[in-house]
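Report on one structure; see the data block that follows.
The values are calculated or read from the model by the stated rules, or taken from the named source; none is laboratory data. All of these numbers come straight from a predicted model, not from anything done at the bench. Because the Cβ atoms are built from the backbone with ideal geometry, glycine has one as well, and the counts that use them run over all protein chains shown.
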Amino acid sequence: MTEPLLQLDGVTVHYGRMLALRDVSVMVRPGEIVALVGNNGAGKSTLLKTVIGLVRPSSGQIMFDGTSLDELDTAARIRQGIGYSPEGRRIFPGMTVRENLEVAWRGDRAAARMRLAEVYQLFPALETNADVPGWRLSGGQQQMLAIGRALVSGGKLLLLDEPSLGLAPALMQDVFVRIRRIASTGRAVLMADQNIGTALAVAHQICVLRAGQLVAKGPAGAFRGQGEIAAALLTGEPNATRPG
Amino acid sequence: MSRHVPTSRLMPLAGLACLVAWPLVFTSPYDLRVFTLVGIYAILVLGYQFIFGHAGALALTQGAFFGIAAYVTGILGARFGWSFPATFPLSIVVPVLVAVVVAVPVLRLESHYFALATLGIAQVALLIAIRWESVTGGANGLAGVPGIGAFGLVLPRGYPTLAFVWGIAGVCALVAWWLMRDIRGRAFQLMRTSELAAMSIGLDTARLRFSAFLLSAAFAGIAGALHAHTLRVVSPEVLEFHVMVTCLAMAVIGGRTRVIGAFFGAFLLVQLPEWFRFLEHYYLIAYGGALLAMIIVAPDGLAGLLDRIGARLGLKPRQTLPSPVPLPSAAPDNVATEVPLLSVSGLTKRFGGVTALENVSFQVDRGEIVGLIGPNGSGKTTLVNIVTGLTPADAGEVRLMGQDITHDPAFRIAQCGVARTFQLIELVDDMTCLENVAVARLTRLGTGSGRPKGSTKVDAPLDLAKRQAAHLLERLGMSDAAFEPAGNLAQGLRRRLEIARALALEPRLLLLDEPAAGLNEIEQQDLAFRLKDLRTSGLALIVIEHNVPFLMAIADRLVCLDAGRVIAAGNPSDVRADRNVIAAYFGAQPQDGLP
């Protein structure tokens, strides 16, 4: 079996006194798409933030490409080839679409141009609006831009938080087809998605989180058509308050 | 309902008691003069809190208003021999008039431009004071300003003046507290956090800012007049920038929005130089260091620090949900039923060279749920923004129950009964759920027909707003979260809270921008159920949503936009089967098929 690209080992995260993740271990191999599913407040976003270094775990460790990420800050982790698309469309409103994408790139120009072409192929709307300032994009287009930026910096691993949010159905299908294609070239994807249907359709592996704990994981095929995943998700506390 | 003094109130009260005890301990004439100055500065800062703290605008005019008032008192008193009863009101009126004049151009400016413009005004006032020697006495200023008094009697210095100044400071404090008490102040907090949300609940934000600016000027006028009377001299010093800086520092260190904070700030910043006097030349370093330390330790000011200590000690006021009162049932709108609730015709909007909307027309009837779909960037949100008045249309017309609202400002459209939610939720995260809804309800009660009748209670509208807000929370199944800060809620509840706030306007039309985004299947079902329930009361909904199964379950009609044009409209299943819609929106497999 291929060596894991990303490995979280017994990661525990606290927000103040509140436990957000408890002893979570997740592994992502090159070329693999892993989907985190679970309720709001289950810890999906926290887990992604922990990988990119926006949240510090209180225990456990994270290995990426054979080295430990524990001592690296967010900027250094991104330089390692991790791209992160946060929830809620955090783009730079004053910059044009092209600038938004270019700032994510550190390295030689030829490779940058290739990545840009890749993003434009995935989201033609971004190419037609390349010189439009970010604030003028519609909500869904901003979402595309956030994913596109992650693609530019994520040479090895993409972290996508709710990538389907706000995308029209046709586009969503398109995005997932292309994410699969991108993964087939050896890049790995760790994504959080509220929508179990999309997660099952696109991911190779599924990790079910509930109240900060990993309650089930396995190949997506094993979950398809099973009631247990829905049960695992829905017996959580839908009204649980979210930390931070 | 039990009435008791919340323990968190006791902390500031204890602080106030210390302040009152101070002049009884330090009794030299100099100490008394310094303490009088504390009272004067407290009034100045109380005023500054309106524009700087509540309205959140960095105005640098407060020092100028203070100085102008001092000069009005000085000129009228020293040159013309007028006494307190005549000069005092005029010293308040003049800075307010200046504020009215400068507000028109200046209040439209944004943050740093606003600060710069207000700074310019202060500099002009200073120059006039120095150059207009025949009236102002030039650089030397005017001596012989009379003391506070009337009918030949003049208040002696020392305790009587001190008591008078502090008496007025007390009245000012009461007025400031009264104006901003409870959820009234929360309206300003909403405006600071999200101007969009404030307008969308019907708050006239321009007017709020304007009145805050005038109140600031009025309080500065009171402080300036008292300053001239106690010093008996007016010189250009009162217009210099350090007065403004001191006032700003007092507001930051005491607390920007709390009444007690103004007193803490004034006391500390007047006393600090006195306490550090023994350091002689080094006192400025110690002074600066102390201020920096304060800002680091208590970024919300001393008032905020006390609150935090109180919370740490568990001195949290007991919170009981006000007993819910239902909103009045919607009155029939007296408009012929042939007239549609909303009719949009020929709407066109361009951003630069990009056409966002092109000749869009459609109608919505009472009690109808219309789903708005279309590819990303097809103009759905722009359409909602135009209907709610946040974006002006280039051409076309929006009519609500026959009335043209195309060019009405957003807050007025909200008052007419058009409510909305936002794609990226716009709530005040540090306000509780109850407050978030009650602010909207109070705004509605202030403008609408729902004013409580025959109640003798002074705070009846406030009380009613909270109780009706409690009802709305109950209706959306979130009473348990009433006292939870909105920022602590999960996505599903935040969406529901935004809807509760929109319903507080008693809307006839509710526009929801991607309400199901980020909700899980259970939450979606719950939301669908609640939306259908709303329709039964005659409310019409326009729902933008990419989650088509969710939309199919609730919508009576679908409208599909593509590149700013309506490409299909009508029965949901027809629109869904439409070839153009499939090509533009659903893609090859219109079912929920994924790769």
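Residue-by-condition table, conditions (1) in a loop (DSSP other than H, G, I, E, B); (2) closer than 30 Å to residue B:381 by Cα; (3) in contact (Cβ under 8 Å) with a residue 60 or more places away in the chain; (4) over 14 Å from the mean Cα position of the chain (by Cα):
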site: A:142; (1), (2), (3), (4): no, yes, no, yes
site: A:152; (1), (2), (3), (4): no, yes, yes, no
site: A:158; (1), (2), (3), (4): no, yes, yes, no
site: A:163; (1), (2), (3), (4): yes, yes, yes, no
site: A:172; (1), (2), (3), (4): no, yes, no, yes
site: A:186; (1), (2), (3), (4): yes, no, yes, yes
site: A:191; (1), (2), (3), (4): no, yes, yes, no
site: A:194; (1), (2), (3), (4): yes, yes, yes, no
site: A:216; (1), (2), (3), (4): no, no, no, yes
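Any residue in region A:64-79 that is in contact (Cβ under 8 Å) with a residue 12 or more places away in the chain, over 15 Å from residue A:162 (Cβ atoms), touching a Phe, Trp or Tyr at 6+ places or on another chain (Cβ under 8 Å) and surrounded by 17 or more Cβ atoms within 10 Å (Cβ to Cβ)? Scanning region A:64-79, I find at least one residue that is in contact (Cβ under 8 Å) with a residue 12 or more places away in the chain, over 15 Å from residue A:162 (Cβ atoms), touching a Phe, Trp or Tyr at 6+ places or on another chain (Cβ under 8 Å) and surrounded by 17 or more Cβ atoms within 10 Å (Cβ to Cβ), so the answer is yes. Selection of region B:132-145 for residues being under 15 Å from residue B:68 (Cβ atoms) and assigned to a helix (DSSP H, G or I) yields B:135, B:136. Here residue B:480 passes the criteria (1) within 12 Å of chain A (Cβ to nearest Cβ); (2) buried (at least 22 other Cβ atoms within 10 Å of the Cβ) except the one numbered (2). When B:555, B:563 are screened for being touching a helix residue (DSSP H, G or I) at 6+ places or on another chain (Cβ under 7 Å), in contact (Cβ under 8 Å) with a residue 24 or more places away in the chain and among the small types (Gly, Ala, Ser), only B:555 passes.
Only a single criterion out of (1) buried (at least 23 other Cβ atoms within 10 Å of the Cβ); (2) more than 10 Å from chain B (Cβ to nearest Cβ) is not satisfied by residue A:213, namely (1). Counting only residues that are exposed (fewer than 10 other Cβ atoms within 10 Å of the Cβ) and of a type in the set (D, E, K, R), which one in region B:274-327 is nearest to residue B:442 (Cα to Cα)? Among those residues, the one meeting the criterion is B:318.
Selection of region B:480-495 for residues being assigned to a helix (DSSP H, G or I), of a type outside the set (A, V, I, L, M) and under 25 Å from the mean Cα position of the chain (by Cα) yields B:487, B:488, B:491, B:494, B:495. Out of B:383, B:372, which single residue is in a strand (DSSP E or B) and either more than 21 Å from the chain's Cα centre (by Cα) or more than 14 Å from every other protein chain (Cβ to nearest Cβ) (or both)? Criteria check complete, one pass: B:372.
If we scan region B:583-591, do we find a residue that is hydroxyl-bearing (Ser, Thr, Tyr), in contact (Cβ under 8 Å) with a residue 40 or more places away in the chain and under 30 Å from residue B:203 (Cα atoms)? No, region B:583-591 contains no residue that is hydroxyl-bearing (Ser, Thr, Tyr), in contact (Cβ under 8 Å) with a residue 40 or more places away in the chain and under 30 Å from residue B:203 (Cα atoms).
Here the condition is being touching a Pro at 6+ places or on another chain (Cβ under 9 Å), crowded, with 23+ Cβ neighbours inside 10 Å and either of a type in the set (Asp, Glu) or within 12 Å of another protein chain (Cβ to nearest Cβ) (or both); of B:587, B:492, it holds for B:492 alone.
Residues that are over 21 Å from residue B:177 (Cβ atoms) and part of a loop (DSSP other than H, G, I, E, B) within region B:21-56 comprise B:26, B:27, B:28, listed in sequence order. For residue B:474, the conditions (1) surrounded by fewer than 24 Cβ atoms within 10 Å (Cβ to Cβ); (2) within 12 Å of chain A (Cβ to nearest Cβ); (3) part of a helix (DSSP H, G or I) all hold with the exception of (2).
Any idea which residue in region B:495-513 is farthest from residue B:410 (Cα to Cα), counting only those that are among the hydrophobic types (A, V, I, L, M, F, W, C) and within 14 Å of chain A (Cβ to nearest Cβ)? Checked region B:495-513; the qualifying residue farthest from residue B:410 (Cα to Cα) is B:497. Given the criteria modelled with pLDDT of 95 or more and more than 21 Å from residue B:253 (Cβ to Cβ), does residue B:93 qualify? Yes; evaluated as a whole, the condition is true for this residue. Screening region A:150-199 for residues that are surrounded by fewer than 19 Cβ atoms within 10 Å (Cβ to Cβ) and within 17 Å of residue A:126 (Cα to Cα) and picking the one that is nearest to the other protein chains (Cβ to nearest Cβ) gives A:174.
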